[in-house]
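The values are calculated or read from the model by the stated rules, or taken from the named source; none is laboratory data. Predicted, not measured: the structure shown is a model, and the values here were computed from it. Note that each Cβ is placed from the backbone with ideal geometry, even for glycine, and that neighbours are counted across all protein chains shown.
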Amino acid sequence: MKAGILYDEIFLKHDLPGHPENALRLKYFLRSMSEYPVKVVKPGPVSYDILRAVHDETYIEEVKISCRENAPGFFDPDTYYNAYTFDAAVMAAGACELGVELLLSGEFEAVFCAVRPPGHHAERNRAMGFCIFNNAAVAAVKALNSGVRKVFIADFDAHHGNGTQHIFESDDRVFYFSTHQYPFYPGTGGISENSDHVLNIPLPEGSGDAEIKKAYGRTFKEAFESFSPEILIVSAGYDLHADDPLTGLEVSDEGVRFVVSTLVRSAKEAGIPILFTLEGGYNLYALERCGRITFEEMVKN
Ligand SMILES: [Zn+2]
C-alpha cells in the first residue's frame with residue numbers, strides 16, 4: 001500500500017520522564033521507520049470545528065488554560081500535562097484530521113499517525129488514562145464531515161476505549177470494535193454495552209495469541225464485512241504485547257503481526273483506506289518491534 005506516517009517533534013515535548021507514557025515510547029516506535037518506503041508528513045493543528053464536534057468547548061478551554069497558566073500538573077491521577085501538552089494534543093488530533101484528508105484524496109492508502117498524547121480514554125468533557133483529546137474520534141468525525149457514510153473503528157489496545165465508545169454510542173454511522181483485557185482499567189467494555197454498532201470482546205488476563213487470533217480472524221472480519229464501512233480507523237495500542245509492564249494480555253510478536261496484517265488486508269480487500277493512530281504500549285523494546293511489524297505490513301500488502 002502507498003503508506004504515510006504523520007509525525008511532528010512537538011509530540012516529544014509532552015513528557016514526564018519516569019511516567020509510563022513518556023516521549024521515549026514514540027522514539028522507539030519510530031526507530032525502524034527509515035528502513036521502509038513510507039513518506040513522513042508533518043501535520044498542522046486540528047481545525048477547531050472538528051475538535052469542537054468531539055469535545056465540549058469548556059473542556060478544550062480548560063486544557064488550554066491549564067497548560068498555558070498552571071503547568072505542570074495532572075488532570076487525573078494518571079494524566080499529566082506540561083506547558084507543551086495542549087499544543088501536542090491539538091497537533092495529535094490534527095495528524096488524524098490530515099491523515100483522513102490524505103487518504104480520501106488518494107495520496108495514501110494507509111497512514112500511521114505516530115502521535116502523543118494518546119486518545120481513546122478521552123471523553124467528550126474530560127482527560128483520562130494518559131489521554132487528552134480523542135484522536136480516533138477526530139479521524140472518524142473528519143471522515144463523516146467529508147462525506148464518508150460509514151466508519152469502522154477497531155481498537156486493539158489492551159484497555160477498553162471508553163471515550164471512543166461513548167462519543168459514538170448514539171451514532172450508528174460509526175462501528176466501534178474493541179478487544180481488551182477485562183475486567184481491567186477503565187472498567188468499561190463488557191458485553192452488556194454491545195449494540196448493533198458497538199462490539200466489545202472482553203478478554204481475560206493471559207488470553208494470549210489464541211484468543212486474539214479468534215477475535216480478529218473471525219469476529220472482527222464478520223462485523224467488518226457486514227457493516228461495509230468506507231474507511232477503517234485503528235486505535236493501535238501495543239500494550240496487548242506480552243512484554244508490556246502494565247497489562248496481561250500476553251500477545252506475542254506474531255500475534256501482533258496477525259492483528260495488524262488482518263486489519264491491513266481487510267481494508268485492502270474492501271478497497272478502503274486505513275488510518276492507524278498510536279494509543280498505548282509501554283515496553284520500549286516491544287514498541288520498537290511492533291513499529292517494525294506495523295510498517296512492514298502496511299507497505300507489503
Ligand atoms: Zn492501553
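With respect to the conditions (1) closer than 25 Å to Phe29 by Cα; (2) polar (S, T, N, Q); (3) outside any loop (DSSP other than H, G, I, E, B), Thr247 falls short on a single one, namely (3).
Condition check: at pLDDT 95 or above, within 16 Å of the ligand (Cβ to nearest atom) and closer than 24 Å to Asp172 by Cβ. Does Pro273 satisfy that? Judged against the criteria, Pro273 is not a match.
Scanning region 190-219 for residues that are more than 16 Å from the ligand (Cβ to nearest atom) and part of a loop (DSSP other than H, G, I, E, B) returns Gly190, Asn194, Ser195, Asp196, His197, Pro204, Gly206. The residues of region 260-294 that are in contact (Cβ under 8 Å) with a residue 60 or more places away in the chain, among the β-branched types (Val, Ile, Thr) and within 24 Å of Phe130 (Cα to Cα), listed by number, are Thr277, Thr294. Phe258 meets all of the listed conditions (1) away from the ligand (no atom under 16 Å from the Cβ); (2) under 24 Å from Pro20 (Cα atoms); (3) of a type in the set (Phe, Trp, Tyr) but one, namely (2). Filtered by the rule that a residue be within 20 Å of Asp239 (Cβ to Cβ), without any contact (Cβ under 8 Å) to a residue 40 or more places away in the chain and surrounded by fewer than 18 Cβ atoms within 10 Å (Cβ to Cβ), region 194-210 gives Pro204, Ala210. Pairs linking a residue in region 170-184 that is touching a residue at least 40 places away in the same chain (Cβ under 8 Å) and within 16 Å of Gly208 (Cα to Cα) to a residue that is acidic (Asp, Glu) and away from the ligand (no atom under 15 Å from the Cβ), with Cβ atoms under 9 Å and 6 or more positions apart or on different chains, are Thr179/Glu211.
Tallying residues that are part of a helix (DSSP H, G or I), aromatic (Phe, Trp, Tyr) and farther than 12 Å from Ala110 by Cα within region 257-301 yields 2.
Got at least one residue in region 220-233 being within 16 Å of the ligand (Cβ to nearest atom) and buried (at least 24 other Cβ atoms within 10 Å of the Cβ)? The answer is no, given that none of the residues of region 220-233 is within 16 Å of the ligand (Cβ to nearest atom) and buried (at least 24 other Cβ atoms within 10 Å of the Cβ). Out of everything in region 275-285 that is among the hydrophobic types (A, V, I, L, M, F, W, C) and touching a Lys or Arg at 6+ places or on another chain (Cβ under 8 Å), what residue ends up being surrounded by the most Cβ atoms within 10 Å (Cβ to Cβ)? Going through the qualifying residues, I end up with Leu278. The condition (being out of contact with any Cys (no Cβ under 7 Å at 6 or more places or on another chain) and among the small types (Gly, Ala, Ser)) is satisfied by just one residue among Ala95, Ala114: Ala114.
When restricted to residues that are among the acidic types (Asp, Glu) and assigned to a loop (DSSP other than H, G, I, E, B), region 220-244 contains 3.
Tyr238 meets each of the listed conditions (1) within 23 Å of Asn135 (Cβ to Cβ); (2) of a type in the set (Ser, Thr, Tyr); (3) away from the ligand (no atom under 16 Å from the Cβ) apart from (3). Region 75-189 holds strands (runs of 3 or more DSSP E) entirely within its bounds, and those carrying 2 or more residues that are surrounded by 24 or more Cβ atoms within 10 Å (Cβ to Cβ) and within 14 Å of the ligand (Cβ to nearest atom) map to 174-181.
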